[in-house]
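The values are calculated or read from the model by the stated rules, or taken from the named source; none is laboratory data. Note that the structure is predicted; figures quoted are calculated from it, not measured. Don't worry about glycine lacking a Cβ; one is built from the backbone with ideal geometry, like all the others, and counts go over all protein chains shown. Only protein heavy atoms, including side chains, enter the accessible area calculation; ligands, DNA and RNA are left aside. Shrake-Rupley method; radii C 1.70, N 1.55, O 1.52, S 1.80 Å.
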Amino acid sequence: MRKFIFYYEKDGKWNQIPENSVNGCNMEYSCGGGRYYCRAKEDGGHVSYTMGFDCAYDTKLKMEMRTDGKNPFNIIPCNLHGDNNFKGSFPYTLPFLVNSGATPFASDRWEFRADRAAAPLSAICTDGGVAAISIQPYSDAEGGKRTVTGYIKSAAKEEPQGVYPQVYGVNYIHNGLYAQTGGVLGVSLGYTNFPYTFSHRELLNPSTCESAKRAEACGRIYFRAGDRRALHEIIREEYYLIRGERAEYKNTPVQAVNAIIDSLVNLNFDRQSGEYTNRKCKPPRDTHLLPWREVCETGWTGGSILAYPYYLAREIDGALDGIDFTGVMDGEDIFNRIVNAYNPATDMFYNLYKPRLDGDLNTSAWFNKEKEHKHFAYTLAEACHYILKTILLLKKRKESFNPLWLERTEKCLETVAGLQRGDGAFGYSYWDDRKEVADFDGFAGCWFVPALAELYLVTGNKKYLRSAQKGEDYYYKFVAELNVYGTPMDTRKAVDEEGNLAFITGAKLLHQITGDNKYIGYLKDSADYELLWRFAYNSRPEYAPLNKGWRSRGGSVTSVSNPHIHPMGILADSAMRYLYSLTGDAYYLDRADDSTAFILQCLEMYPDKTGYGRYGVLSERWCPSDGLTIERFSDGKEYSSWFSYNLWAAACALEGIETYILDKRDA
């Protein structure tokens, strides 16, 4: 059973519209000084609706759907996936959709601006299928205003200073999405951030809302039979209805590759310390990028994630024109440092290849907040993956490599395979004084799947292939259930986009090796999971540098913990192009090409629009909505990105653009 209920706001209070004014999802209601309506009609595979109001007072309007299906699982893409792994993430601070007073971050209802979602819809998956309502993110409005109400619930020790409410006039309003426990989903004409504005992990901002006297919005209502994956067909349909224009760029992909490498070699690398760095500045007062952290991680945010694309650049004519690595670490130097940062007690690589001042090669990693004596699977497995991927490339080119790369990587993966759990799980982390898994819970270990498949290709030993296949089968259930969590260490088991990048990479490799059509299904479901996080349309950021001409379509959000677009999603694109080559389904090619265009556009923001840097520099943070807009110019004005040149962001863009060039060349 599905029931529609409508609410209107007047004088700060929500009122239910009488049931005798509602017929299914159609509604017509008038009260003193106000008229509200929703007109719906069957339209192919969905119901199209237009809802609006014309009032003498400030108001908002909600359309709510209640379902009685069993095992409800709410989804607002990029924001809520079920309860956001409350049991696994708590007491970490991110939105939890639960009835619990244990933390201010837990609420039985969450409301967001619609442009926080990669597709502006709220959905619920039950045993009876999937229901969803989409809404256009923005509406022209008469008498529009934004209200900062102050905290409804606060996790801050003290309420923020200032007088509330604060009111500002607006010429258009943002619309909203919401989810509630007990099988409830909804959309709103005029948004409210409830119970507050979630900025990013550990940071709550005052609740905000927008209302108007006259406004209208359109959207669609969907019902699909099947399990949670039925949502993917809804996302596909929405994409072709709302996608807008693809991001534009002027330079060629080869020019972009050359500029990224040139910036890494001549700006990012710090010749004084002999290390790659992350760099920052504070425009407009200061535009000189200075190191704020040396980058010595073996994987994920450094090391191997840069070494491999350095090698891959050799495959592209013009990519290395004018590049001089004299006095700079190249890919070989980086891999040599990684394999020398080797722990004989575990036969594993350390988290870092150079310790920081406050610890050793494991405990001083920036992401190891508790200073635990652990190897983390994310950095370890990615190091193995990129070393072996490079060995395969060099073998193809009939070039030599340091034999220690293979010797120690195989020892590491031999240990990991030996510790693989019976159901196929790899560790999220491993103790660094013995060969033992410290924690199995999380998706980070999925990166061992492509690494083991590549080790099979290098050695011919089928036990590594069997281990990879067993692991891929284990991690598939999380992808199918739209609930991948526990990859980046800094998000503490939050539901994320990043872990699936390992799964889609593994699925492509395993299909190439075995030809088993099962992996085509895995590829499709994995690509569709990625597209829950990838913007299907163009948002309207309010602050520089994204408020003039920048397009969000094609950018992928990181996690429910960090609500911003990052460059890592581009690493899924080669597998999506491969899926297109197998199926002829142009949807996956369209979405992959969106991603490449998005990154090429972002690179061309520098320096004229960003206010710092040069062409080839890239930040990790791009804010399409009101999440994580915490950066400020030196004069205090808001900024929708970050004045930080992040090595891993540039390295991911480099690999993604290189594979785009090579995939197009070899198609």
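Near the amide H of Thr298, within less than 5 Å, lie the amide hydrogens of Leu352, Tyr353, all on another chain or at least 5 residues away, with H placed in the peptide plane. Think of segment 425-481 as a dipole: +1 on every Lys or Arg Cβ, -1 on every Asp or Glu Cβ, centred on the Cα centre; then among Phe443, Val479, Asn461, Asn461 lies furthest on the positive end. Could you tell me the center-to-center distance, by alpha carbons, between segment 592-608 and segment 289-356 in angstrom? Between the Cα centre of segment 592-608 and that of segment 289-356, the gap is 24 Å.
Among beta bridges from DSSP that stay inside the chain, the antiparallel ones total about 95%.
Surface composition of the chain: carbon plus sulfur atoms hold 47% of the accessible area, using a 1.4 angstrom probe and ignoring ligands, DNA and RNA.
Pick out, in residue order, every one of the trypsin sites (Lys or Arg not before Pro) in segment 24-100 that is DSSP loop and has at most 16 other C-beta atoms within 10 Å; say none if there are none.
Filter output for segment 24-100: Lys70.
Here Kirkwood radius over Cα pairs in Å was computed from the coordinates, and among [x] 28.4; [y] 25.6; [z] 27.6 the match is [y].
Loop-located GluC sites (Glu not before Pro) across segment 302-409 with a Cβ neighbour count of 14 or fewer within 10 Å are Glu370, Glu399, with loop assigned by DSSP. In the context of the full set of protein chains, residues of segment 47-196 present 33 Å² of accessible surface per residue (probe radius 1.4 Å, heavy atoms only).
Taking the highest mean first, how do the peptides 202-208, 116-122, 588-594, 304-310 order by number of other beta carbon atoms within 10 angstrom per residue?
116-122, 304-310, 588-594, 202-208
Ranking Gly183, Thr363, Gln512 by how far each Cα lies toward the positive end of the dipole of the chain (charges on Cβ) leaves Gly183 at the top.
Measure up Lys369/Lys493; Lys411/Lys463; Lys10/Lys145; Lys609/Lys637; Lys3/Lys62; Lys396/Lys518 against 18 Å on the Cα-Cα distance and list the ones that go over. Correct reply: Lys396/Lys518.
Summed over qualifying helices (DSSP H, 4 residues or more, each -39500 (n - 2.57)) and divided by its residue number, the chain shows a 222 nm mean residue ellipticity of -9000 deg cm²/dmol. Give the residue list of trypsin sites (Lys or Arg not before Pro) in segment 169-253 that are DSSP loop and have at most 14 other beta-carbon atoms within 10 angstrom. Hits after loop and neighbour filter: Lys250.
What is the magnitude of the charge dipole of segment 544-667 about its Cα centre, with +1 placed on the Cβ of each Lys and Arg, -1 on the Cβ of each Asp and Glu, and no other charges, expressed in debye to the nearest 20?
Using only the charged Cβ atoms, the result is roughly 240 debye.
Here segment 611-656 and segment 442-459 have alpha carbon centers that stand 31 Å from each other.
Dipole size of the chain about its Cα centre, with +1 on Lys/Arg Cβ and -1 on Asp/Glu Cβ: approximately 660 debye, rounded to the nearest 20.
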